[in-house]
């Protein structure tokens, strides 16, 4: 059961010890090297070993996608379409623009281009995550990435989850492959006879996937660890709302964690009672109970202390359940995504707010941002200088070049005026 602690000392200690939980890299590295060497043959063997199914044709066909649509409830299809619309609306607003301007004979600017290809890892195992397909595939689609590939573990029947296939189609994914684990990351990075390599790999996964993403040369979005939520609340906050938000986070995974920071012992005790009540009613009880042990409720002296602790912790999800949540928003420095007020549960961000739910965990929000269009764009600058423009600045270049001992730099400018009288 979740514990109540006086003050934030335990939280700070926990934060100092917090890190991405990864497997010994030797085992994962051997899988990566094997796939790099043997390609599809290795994928077939690992899929049989880890997923318990023999697959020789990893590419999902259009017929399989059509069958998936017939198998998925129309209400789920509509929900995925609504979610996709909101994700697209939000992320289109993130798009930067190319630009150019002229100043004293120098025309300079910046070109923004999409990556050539992106691989999206979609977890399987305990649950299927069609929402992750939308979150990780729609931003690159908006950016104009011409090839988006989804890899996801097959079930025991040798097929991908139907909802994942439908979500892939809604998001405009170009290829879907029935392969998961570290071997899927290897395929995306190195390429095989069937799966062509990609420019970047994104998406959450288990510790083997996380380690594989760390080891391959292909760039990824950020290190990923177990999911987490932190809630800042006051005495007047709704204990039932808080309890269910903590449980919602906890049901993801036994390694997930939920934290409450409050200046009210009364609220803390009420939240514990609500959690105990809901535990009797919810499925996935073993996962919930294990996860709750990893979090905690912390009674602190003030909301200001809660802000300090939160900024130090840098949570993946931060809920501010205060009467005036916007009053402290500008004081938040480190968080993956922030949820303001009683009616902004983290579940909204998971599915329909439009903000991305692929977020930095394990304190990485101190220096990483959540997945966005920026992850799928590259930029280069350009300049065109007229002769008069070069003449205007040649003295500046000469002075700076000589100060750094780079005399060829100076001469490269001056040579263009040698024939002038």
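The values are calculated or read from the model by the stated rules, or taken from the named source; none is laboratory data. Since we're looking at a predicted model, the values are computed, not measured. Using ideal geometry, Cβ is built from the backbone for each residue, glycine included, and neighbour counts are taken over all protein chains shown.
Among the residues of the range 186-223, which ones are on the phi > 0 side of the Ramachandran plot and over 18 Å from the mean Cα position of the chain (by Cα)?
The answer is 191, and nothing else.
Would you mind finding the one in 76, 115, 165 that is in contact with a helix residue (DSSP H, G or I) (Cβ under 8 Å, 6 or more places away or on another chain) and either modelled with pLDDT under 95 or buried (at least 23 other Cβ atoms within 10 Å of the Cβ) (or both)?
Working: 76 fails: either modelled with pLDDT under 95 or buried (at least 23 other Cβ atoms within 10 Å of the Cβ) (or both); 115 fails: either modelled with pLDDT under 95 or buried (at least 23 other Cβ atoms within 10 Å of the Cβ) (or both).
Of the residues listed, the single one that is in contact with a helix residue (DSSP H, G or I) (Cβ under 8 Å, 6 or more places away or on another chain) and either modelled with pLDDT under 95 or buried (at least 23 other Cβ atoms within 10 Å of the Cβ) (or both) is 165.
Return yes when residue 398 is without any contact (Cβ under 8 Å) to a residue 60 or more places away in the chain, surrounded by 13 or more Cβ atoms within 10 Å (Cβ to Cβ) and not in a helix (DSSP H, G or I) and no when it is not. Walk me through how you get there before you give the answer.
Numbers: without any contact (Cβ under 8 Å) to a residue 60 or more places away in the chain: yes; surrounded by 13 or more Cβ atoms within 10 Å (Cβ to Cβ): yes; not in a helix (DSSP H, G or I): no.
Spelling it out, it is not the case that residue 398 is without any contact (Cβ under 8 Å) to a residue 60 or more places away in the chain, surrounded by 13 or more Cβ atoms within 10 Å (Cβ to Cβ) and not in a helix (DSSP H, G or I).
Restricted to the range 159-177, and to residues that are in contact with a strand residue (DSSP E or B) (Cβ under 7 Å, 6 or more places away or on another chain) and not in a loop (DSSP other than H, G, I, E, B), which residue is farthest from residue 47 (Cα to Cα)?
Within the range 159-177, the match that is farthest from residue 47 (Cα to Cα) is 168.
Pull out all pairs, ordered by first then second residue, where Cβ-Cβ is under 6 Å, the residues are six or more apart or on different chains, the first lies in the range 268-289 and is closer than 26 Å to residue 234 by Cα, and the second is outside any helix (DSSP H, G or I) and modelled with pLDDT of 95 or more.
Note: pairs meeting the criteria are 268/262; 268/297; 268/299.
If the requirement is being outside the structural domain of residue 100 (by TED's automatic domain parsing), out of contact with any strand residue (DSSP E or B) (no Cβ under 6 Å at 6 or more places or on another chain), modelled with pLDDT of 95 or more and outside any loop (DSSP other than H, G, I, E, B), which of these qualifies: 411, 379, 323, 333? Break it down into steps so the answer makes sense when it comes.
Values: 379 fails: out of contact with any strand residue (DSSP E or B) (no Cβ under 6 Å at 6 or more places or on another chain); 323 fails: outside any loop (DSSP other than H, G, I, E, B); 333 fails: outside any loop (DSSP other than H, G, I, E, B).
Exactly one residue qualifies, and that residue is 411.
Of all strands (runs of 3 or more DSSP E) completely enclosed by the range 54-133, which ones contain at least 1 residues that are within 18 Å of residue 174 (Cβ to Cβ)? Working first, answer last.
Working: elements: 99-103, 106-114, 118-121.
Filter on the range 54-133 gives 106-114, 118-121.
Can residue 200 be described as out of contact with any helix residue (DSSP H, G or I) (no Cβ under 8 Å at 6 or more places or on another chain), surrounded by fewer than 23 Cβ atoms within 10 Å (Cβ to Cβ), touching a residue at least 60 places away in the same chain (Cβ under 8 Å) and assigned by TED's automatic domain parsing to the domain that holds residue 164? Working first, answer last.
Working: out of contact with any helix residue (DSSP H, G or I) (no Cβ under 8 Å at 6 or more places or on another chain): no; surrounded by fewer than 23 Cβ atoms within 10 Å (Cβ to Cβ): yes; touching a residue at least 60 places away in the same chain (Cβ under 8 Å): yes; assigned by TED's automatic domain parsing to the domain that holds residue 164: yes.
Answer is no for this residue.
Has the range 171-181 got any residue that is closer than 27 Å to residue 345 by Cα, buried (at least 24 other Cβ atoms within 10 Å of the Cβ) and in contact with a helix residue (DSSP H, G or I) (Cβ under 6 Å, 6 or more places away or on another chain)? Before the answer, list the steps.
Step one: filter the range 171-181 for residues closer than 27 Å to residue 345 by Cα, giving 171.
Next cut, buried (at least 24 other Cβ atoms within 10 Å of the Cβ) only: 171.
Remaining after also requiring in contact with a helix residue (DSSP H, G or I) (Cβ under 6 Å, 6 or more places away or on another chain): 171.
For the range 171-181, residues closer than 27 Å to residue 345 by Cα, buried (at least 24 other Cβ atoms within 10 Å of the Cβ) and in contact with a helix residue (DSSP H, G or I) (Cβ under 6 Å, 6 or more places away or on another chain): present.
Which of the numbered conditions does residue 419 fail, given that it passes all the others? Conditions: (1) surrounded by 14 or more Cβ atoms within 10 Å (Cβ to Cβ); (2) outside any helix (DSSP H, G or I).
Exception for residue 419: condition (1).
Hey, does the range 340-361 have a residue that's in a loop (DSSP other than H, G, I, E, B), without any contact (Cβ under 8 Å) to a residue 60 or more places away in the chain, buried (at least 20 other Cβ atoms within 10 Å of the Cβ) and not assigned by TED's automatic domain parsing to the domain that holds residue 92? Quick ask: steps written out before the conclusion?
Residues of the range 340-361 in a loop (DSSP other than H, G, I, E, B): 341-345, 352-361.
Now restrict to residues that are without any contact (Cβ under 8 Å) to a residue 60 or more places away in the chain: 341, 343-344, 359.
Adding the requirement that they be buried (at least 20 other Cβ atoms within 10 Å of the Cβ) leaves 359.
Then keep just the ones that are not assigned by TED's automatic domain parsing to the domain that holds residue 92; that gives 359.
For the range 340-361, residues in a loop (DSSP other than H, G, I, E, B), without any contact (Cβ under 8 Å) to a residue 60 or more places away in the chain, buried (at least 20 other Cβ atoms within 10 Å of the Cβ) and not assigned by TED's automatic domain parsing to the domain that holds residue 92: present.
Can you find a residue in the range 283-291 that is in a loop (DSSP other than H, G, I, E, B) and at pLDDT 95 or above?
No, every residue in the range 283-291 fails to be in a loop (DSSP other than H, G, I, E, B) and at pLDDT 95 or above.
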